1. Using a cut-off of 15 Å between beta-carbons, work out the net charge of the residues near Ser302 (Lys and Arg +1, Asp and Glu -1, Ser302 not included).
2. Provide, as a two-decimal number, the C-alpha radius of gyration of region 320-432 over 2.2 N^0.38 Å, N being how many residues it has.
3. Could you tell me how many cubic angstrom of Cα convex hull volume region 299-367 has per residue?
4. Any lysines with Cα under 24 Å of the Lys3 Cα? List them, leaving off those in the same chain fewer than 8 positions away.
5. At a probe radius of 1.4 Å, what is the per-residue accessible area of Glu308, in Å² to the nearest 10?
6. Multiplying the sequence separation of Glu368 and His271 by 0.36 nm and subtracting their Cα-Cα distance, what value in nm do you get?
7. For region 89-163, what is the Kirkwood hydrodynamic radius in Å, using each pair of distinct C-alpha atoms?
8. How high is the relative contact order of region 264-406, in percent, with contacts defined as C-alpha pairs under 8 Å that are six or more residues apart?
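The values are calculated or read from the model by the stated rules, or taken from the named source; none is laboratory data. Worth saying up front: this structure is predicted, and the values here are computed from it rather than measured. Glycine also receives a Cβ, built like all others from the backbone with ideal geometry; neighbour counts cover every protein chain displayed. Only protein heavy atoms, including side chains, enter the accessible area calculation; ligands, DNA and RNA are left aside. Shrake-Rupley method; radii C 1.70, N 1.55, O 1.52, S 1.80 Å.
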Amino acid sequence: MKKTVCIIGRPNTGKSSLFNRLIKEERAIIMDEPGITRDRIYGTVNYQNKSFYLIDTGGIELGNDNFNESILMQATFAIDEADLILFVVDGKEELSASDYKIRDMLLKSHKEVFVVVNKIDNKERKDLVYNFYELGFDKVFAISVAHKIGINELLEAITSDLSEEETPMDNICKFCLIGRPNVGKSSLINALVNEERAIVSEHSGTTRDATDTIFTYHNKEYIITDTAGMRKKGKMYENIEKYSYLRSLKAIERSDVCVLVIDASMGIIEHDKHICNMAVEAGKGIVICVNKWDTVKNSDSSIKEWQEKIRYEFKFVPYAPIVFLSAKTKKRIHLLMPEIIKAYQNNQIEIPTSKLNLCIEKSTLLHEAPSYKGKRLKIYFTSQTGIKPPKITFNVNNKNLVHFSYKRYLENKIREDFDLTATPIILQFKNKDEN
């Protein structure tokens with residue numbers, strides 16, 4: 001198993017900035033307002049052919065607020081998972097009561113701790129680093145995330161006991177949950193991994209970041225990403241919601257499969273289709289998941305009615321499988337992962353050229369392309385020229401003769417001959433003399 005490192009500290013010490021710097025990706029939301037990061041956020045750090053998992057956590061501070069309790073619980077889970085803890089403190093400020101509270105918690109964990117003194121961006125302040133040894137930990141690092149000072153020294157220390165990476169993370173299936181706020185995405189993650197990994201609340205908008213969770217299913221690792229609920233742009237009043245929306249879009253981009261979560265108690269609305277279309281346009285595998293199925297009366301007999309409704313409303317993704325489940329009761333939850341795996345496999349399927357040409361030859365004999373002004377489309381050769389999603393290129397006499405209805409016919413015939421469930425495919429037409 002990879003080494004797991006977690007970042008702990010009070011709010012606004014630069015934890016999320018450090019997280020983004022180390023994973024070389026802006027995944028955690030950064031704003032001046034304390035308390036933005038609330039769930040654990042996962043990433044992978046690659047440094048000189050070595051890699052480790054990194055966990056960002058919400059800022060811990062003294063208080064009786066319910067979210068403070070949730071943040072503390074999430075941080076406790078992260079500490080339990082970690083092999084090494086980066087205790088981030090603000091080098092511009094004196095140690096606070098919250099810092100000492102975190103110190104006491106970390107001492108009780110008996111885990112290895114690096115004190116990371118952030119915002120040390122000049123020589124005079126560097127002399128103050130020694131004051132932070134009073135926290136009681138042997139290793140103290142002076143860094144400035146903003147000015148990229150001390151980052152390599154910190155990474156050298158973190159990876160000193162690691163061997164060079166042999167198996168890249170690229171071959172791990174990454175999927176994300178997308179949908180409107182409060183449809184049960186975080187609850188679904190908790191049900192899948194069988195742990196209270198994401199903060200679940202009755203209030204919409206609890207998840208603000210796109211949060212990664214690594215878990216094992218049938219002896220294989222998967223990465224699941226929870227995303228903030230995506231409201232219509234006109235309703236995104238707060239800066240935080242705007243950033244969350246952008247994070248959700250980025251989560252779609254770096255995923256292999258997108259699971260659209262719909263709330264069975266509320267039904268389908270237009271925005272569900274808009275969110276789904278984002279994933280289709282990004283070329284991702286698609287699974288439609290109807291959550292909160294426990295709220296539907298006569299659920300067994302209602303499945304057919306719901307399937308017909310979804311097929312009508314989501315005509316642009318007729319290939320997407322539909323799963324009905326309840327994250328709350330875990331009923332039918334076992335049906336979801338097989339569909340995600342199939343979507344992942346089909347999104348990167350490679351069709352043999354000979355079989356593909358045979359399929360197209362049969363299809364054109366069965367139904368010839370319509371003529372236009374005395375001219376007719378001729379297909380000379382077909383080949384697959386890409387994956388994620390599969391891209392099929394047709395060499396033809398004149399690509400301007402391709403009618404959208406015939407293009408749809410060819411896609412349907414390809415889908416009949418090859419299992420392309422849950423993935424979009426791209427049909428591209430090139431004139432024979434084109435490069």
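1. Working: positive: Lys292, Lys297, Lys304, Lys309, Arg311, Lys331, Arg332; negative: Asp263, Asp294, Asp300, Glu305, Glu308.
In short, +2.
2. On the way: Rg = 17.4 Å, N = 113, 2.2 N^0.38 = 13.3 Å.
Output field value: 1.31.
3. Numbers: hull volume 9.6 nm³, N = 69.
Dividing the Cα hull volume of region 299-367 by its residues yields 139 Å³.
4. Of all the lysines, those that pass the test against Lys3 - Cα under 24 Å, at least 8 places apart if same chain - are Lys15, Lys24, Lys50, Lys108, Lys111, Lys139, Lys148, Lys174, Lys220.
5. The value for Glu308 is about 110 Å².
6. Working: separation 97, 0.36 × 97 = 34.92 nm, distance 3.84 nm.
Extra length from Glu368 to His271 when fully extended: 31.1 nm.
7. Final number for the Kirkwood radius of region 89-163 is 13.1 Å.
8. Numbers: 149 pairs, mean separation 28.8, N = 143.
Once normalised by length, the contact order is 20 percent.
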